[in-house]
Structures are given as C-alpha cells and as structure tokens.
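A short write-up of the structure that comes next.
The values are calculated or read from the model by the stated rules, or taken from the named source; none is laboratory data. Just so it is clear, the model here is predicted, and its values are computed rather than measured. Don't worry about glycine lacking a Cβ; one is built from the backbone with ideal geometry, like all the others, and counts go over all protein chains shown. Surface accessibility is based on the protein's heavy atoms, side chains included, excluding ligands, DNA and RNA. Shrake-Rupley method; radii C 1.70, N 1.55, O 1.52, S 1.80 Å.
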Amino acid sequence: MSYPDRTDPNCGVALEPTEDVRSSPATEATFGEVAAARMGRRGFLKGAMGTTAYAALAIAPASLLAACGDDETDKVASDPAANAAQDIEASTYQPGSLARFTEVSHGVSKDHVVAPGYEADILIRWGDPVTADAPAFVPGKADPDAQEKQFGYNNDFLGFVPLNEAGTRGLLCVNHEFTSRSVMFPYDLRFNSPKELAETEMAAHGGTIIEIAQKDDGRWVMVPDSTYNRRITARSTAMDISGPAAGHPRMQTSADPAGTRVIGTLNNCAGGITPYNSYLMAEENFHFYFRGKLDDSDRLWRTAGDLEAACAAGDATHPEARNYCRYGVAMGGGYDWGRHVDRFDINKEPNEANRFGWVVEVDPLDPTSTPVKRTALGRFKHEGAESITNRDGRLVIYMGDDQRFDYLYRFVTDGMVNETDRAANFGLLDTGVLSVAKFSEDGTVTWMPLVHGTGPLTAENGFDSQADVMIETRRAADLLGATPMDRPEDVEPNPKTGKVYVALTNNSKRGPAQRDAVHDRAPNYWGLIVEMTPPDGDHAADSFSWDILVKGGDPSVPVTGAQFAEGTSANGWFACPDNLAVDPSGRLWVTTDQGGGWAQISGSADGVWCVGTEGEDRGMSAMFYRVPAGAEMCGPCFTPTGDTLFVAVQHPGTDGALAFDEHARASDFEDPMTRWPDFDEAIPPRPSVVAIRKEGGGLIG
C-alpha cells in the first residue's frame, strides 16, 4: 500500500515515506545480490525476453516516461462510457491453457475496464449500510457512529467463506486498510481536524463481514438483513490477545493492565482464510498511527529522516526506543489520532504500539465472537497470512513484512487441522514455530526458527522470553541473518502444484553496488515474483528450492530489465506485483500496486493479470482488468466454482494524482480526478468491491 507524502525527484511524484526508510540494519546479502549470483551461473527463464543493464530512471526513454510529459498515447476520453471501446486490445490471447480472453490495454481512465465478454458489477461501496440499522451514506460528513455500521474505507483483502455446497451463498470478508482523508472529506473539515473526523477514520478502518448471494441471473447481491453482517473497527471492537506475548509487561497499558485485551485493529492489508474458514486480518503499517517523542527534546519528530538520525545517533530515550526505531513508530507525518485519543500517543501510553502489528483471527460464522490477536505469528508489518494444510496435517502460514529490505516468514503449527471438529481449531495458531527465510545462491531457501534461547535470541541480546522475540520479530530476524527482500507482500501457496509464490513489489533504495550484468535491478523499481518449491510437498521442511517466475516492467524498454515469456503481448507486462490468488484450476492471478510514482512513469493504472506458471505458459501474462484513475488493485478472490472473481478497488482518485486528461493534477473532495463508481457530482470517489463474471456464465479466464 502507499502513503503519498514525500516528493521524489523523478517526475515530481509522491512516494511512500514509510517504506523509503531502511530501518533494517541487516548486512546480509540482499535477495537481489543472491538472485544475481545464482542467475549469473544458470541463466534465467527459458524463452524469457532479453535485458540490458538497468540505467538510472532519469535516462529512461520517452516511451517509458510518457505519463511525465505531453505524450497523448495513454490519454483516453473523459466520458466513462467511451472507455471500453478505447481500452480493449484487438487480439485475443490463447496460448496453451493460460487465458482465453481479449486483453485490456494499458492506460488510464475515469472508469474501470474489464475484458470484453465479462461483467464487472459494483457489489458494495464505502458508506453502504452493513448492519440492518445502518443509516444512509452522507457524503462529506464526519459521523463515527454511522461509519461503525457502514462499509469501511479502502477495501484490500477479500476472502470468501461458502455457506452452501453450490457456493451461491457465502460470507465475504473484507479488510479496510487505511483512509484517504483528502478525498473523503471537504477542506474545512480536514483543516480543522476535529475529534469526530479522527474517530470516523478509526471507524472506517478494520474489516467488514457481509453475507452475499448469487441471483438466478448470476449477479451477486448483499443480504441486507443477514445476522452475519458485521463491522470490525479500530475505534470500538474489543479483541483478545493470545500466544507468547499475551499478558507480558510490554503489552500492558493503563486501560489494560493485564495486557490481554486491546481495542481495534489497524492497517489491515492482505490477509487469509484458513482451511477451517476463520478469517485472518494482517496488520501492516501500524507504526503510522502513533505520535510522540522518542527522545527528551521539546519537539515531535516530523520526518522519516529525523527519526532515522535520532535512532542512529542513540538519542532516542523512550523505554521502547530500540523497538520503535526498528519499526518506525512515531515518525511523524501520519494520522493525528494521538491529538484526540491518548492511546495513540507513545508518551502517554508507551506500550500501546506493541499491541499492533499482529495477525488477527476472526470467526466469521459467529458474529458474536471476539477477534483474537495471535502473537505466535510475530509482530511486523504483515502483508498477508495465506495458509495451506501440510501433508502431515499441520497448518502452514506464509507472511511477508512489507518494507524495503525486510523479510519473508513462515509459521508452522504444532497441532494438526481438525477436519471433523471446527471449533477445535481455534487456538491452533497459539503454538508453533515462526521462521524467517534465508535465500542462497545455490537455489535453496533455509527457514531459520525464531525461538527464544537458540543462537543469538538470548537475554544477552535483550530477549528474555519468547514474548520478547515475538514483540521484536524484526530484530530477532536481523540477528539470525535473514535475507533482506524487496518489499515482500502477498505470499500465495498453490494447492494444485504445492509451489509458493512471493510478490516482491519494488525497492527504490537498492544501491548500485548490488548491480550485476544479469540481475541488474538496482534500484528495483518494477518488482518481481519468486517461486519456492518445498521438497515432496512438505511445507514444514527446513529447506526449499527457489526460482524467479517473472520480473516486472515493460520488456520492450530494455532499461527496465523486465523478463516475461516470449509471446507476452504489449499489454501483458505489469509492474509492482502486490496481491496474488490461485483460481480453482491452479492458475496464478496477480494484482499490482505501483503507487502514484511508478504509475506516472509506467503510464498505466494498476490491474489484474493472469500469469502462467507451468509448461509453455510459464512466465506468460495477460491483462484482464484495470482500475480507474488513482486507484490500487487489491483482494483478488475466486468463488469455489471459479465463476466469479471478486476484486477490491481502493483509494480511487488519489494515488499520485495520475490522471487521464493531464499528466498530473491535484485531486481532493472538492475536485477529484474521478467520481468512480457513482459518477455523481455530489459524491466523492468510493472504494468498492467488484464482482466479475462471464456473460452467460462460465469459468473466469
């Protein structure tokens, strides 16, 4: 995800400040260096497009930087109805068994665009009623009590829990990652920033569970009076804390002296649905919600540079200074909730930030149940928590820590999944082994356990218990020598093949010293997808093998260093992979999050691609759907039958001000670049869930 805040010299675009700060002190070889060494010996994808040395972004050719100048290639009509005719590629891509649909073209437009022959219906929008007593949406109004009952903002992860064997009824579980104040509320309200505004934002965070049903004509609708319908928010939802860190002194606050109960969940990015149909909400950029001072000065840290300098100089004297420096807590420039709510001020509540950055487990089938933060899965900026049942019955969960130069994790439960007693599985995630990945040049991945008392994870290094290891998971992984990655986001196991796919979104801070003649991706602006293979399908094994599936960017521009299989069309390449999904046929689907910066440079909005992983289709990619201007593509989720693909379009009209009618412009509540999906002058753009179906029925793709 992105927090546009800092201006980068490339095209004057806004980039995410919190992920530009390298908080990792790791000195291990980065994944880029390891990959370069390995690929230098054994070559790359068979049939992959060639590359040349990756030059500085500033010297990229005009075709790559079209969105930064006056090139008309990617501009489309401002009439939403005209988009479909201009944004569909003429040729239909049909290699092997990968995809049989006419591709969408790269570009930017006010409306979303889906492959012809498919219908993309808006299922639910920000502000729509969730509970039976929810009031109607009132644009521009800060009303936390109403928002508690309405669909939250910036929908990210989507998970489907079937309620019948046919899969025509189910529960849709939705994460609400963050809020985009500039397009949510009018200027006067934003400028004055009353407590009601902060509390409305808190209520817009969290998650939503709704019952949905498929009508006879194939369309999906929400069941408005369902007893399953529920909001989970940062403002009011009580949650239990379980596992190694539960009750630890570093988890205790004035409101919760026992350290076992917390209000709310923050920045829920990707997530997961377990085999026993629990809903996992992953807390990602929790650090951005806290304010306060890390040292004894009279001023608050206002920039990431200030925080970095204070931490590096040892000037931070806060009792959790070492911990908060590593996570970037209270860096300034984020939410102002701490002005109104004491628990978000680290000087008033020194331990509150330790109560975020976890995986939250929810039982969607019991609307009265209390969500639980499972601390055995570690504390970091979780991107996703996708699971697979191992061949011995244990549950394995894969997770990325979405920051430049941070790590890839795996959790293996001690117990086995109980297929006959669903209730017995709740608590399964409280005991097990969390490990961090180390990639080697010989093509192996070693999983290193994060267990107190082993190796450097001892009292001498500040770890007095397993609770300390889990609270400071990042520092523990540093000491073990984990491989610094290029923003590991979604990690998706493929149940058909047993392989695991890792989306590495990008890393603008990798230095030139890491460049290699074959793997020259420093900086890595465009991201890549890594494939891991467990031996004999054993996801609990100590060592896997690894390879690279694709490298993002436009292959027709050699400077990008992109690599896709031969035959990938001009619209088949993508940049900055983020969320992943595997359909019932075993095909991989990829969504992207370029952020405003990279979207301006690539000249295209984010979208959904179908990517081949086996045989003649390996490394082949085809574009299926494209988001409206300023949006990010999230949450790909298939129904069990494969006839519907749900996707989440978040922050439309905001990200980096990439527009269709001029290369860059301001976009706010008063004058947004798009009013998708309502296209009503009185209504701002609204994050929404979209249900995509084939006209007349049938499998997606």
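Taking Glu472, Glu670 and ordering them by how much accessible surface each has at a 1.4 Å probe, largest first, produces Glu670, Glu472. For region 560-701, the square roots of the Cα gyration tensor eigenvalues, ordered a ≥ b ≥ c, give a/c of at least 1.5 with a/b no greater than b/c, which places it in the oblate category.
Rolling a 1.4 Å probe across the protein heavy atoms gives region 186-331 an accessible surface of 37 Å² per residue. Which whole-angstrom value gives the distance between the alpha carbon centres of region 100-122 and region 160-204? What the calculation gives is 25 Å, centre to centre. Computed with every protein chain present, the accessible area of Glu460 is close to 150 Å² [probe 1.4 Å].
With R₀ set to 25 Å, the beta-carbon distance separating Asn192 from Ala136 gives a calculated FRET efficiency near 0.50. Working from label points 7 Å from Cα in the Cα-to-Cβ sense, the Ala213 to Thr368 distance is 2.4 nm.
Accessible surface of region 428-506, 1.4 Å probe: 53 percent of it comes from carbon and sulfur atoms.
Dividing the Cα radius of gyration of region 157-230 by 2.2 N^0.38 Å, with N the residue count, gives 1.48. Full extension of the chain between Asp538 and Val433 gives 36.3 nm of extra length, using 0.36 nm per residue less the Cα-Cα distance.
For region 205-302, with all protein chains in place and a probe radius of 1.4 Å, 48% of the accessible heavy-atom surface sits on carbon or sulfur.
Under a 5 Å amide H cut-off, with hydrogens placed 1.01 Å from N, Ala330 pairs with Phe290 among residues at least 5 apart or on other chains.
The accessible area of Tyr228, taken with all protein chains in place and a 1.4 Å probe, comes to roughly 60 Å². Just check region 577-632 against the gyration tensor rule for me: Cα atoms, a ≥ b ≥ c as the square roots of the eigenvalues, rounded for a/c under 1.5, and otherwise prolate or oblate depending on whether a/b exceeds b/c. Note, shape of region 577-632 comes out prolate. The residues of region 471-618 expose on average 22 square angstrom of accessible surface per residue, using a 1.4 Å probe on protein heavy atoms. Inter-part distance, region 475-499 to region 223-261, computed on C-alpha centroids, equals 27 Å. Once the Cβ-Cβ distance between Ser569 and Glu681 is put in as r, and R0 is 35 Å, what FRET efficiency do you end up with, to the nearest 0.05? It comes out at approximately 0.40.
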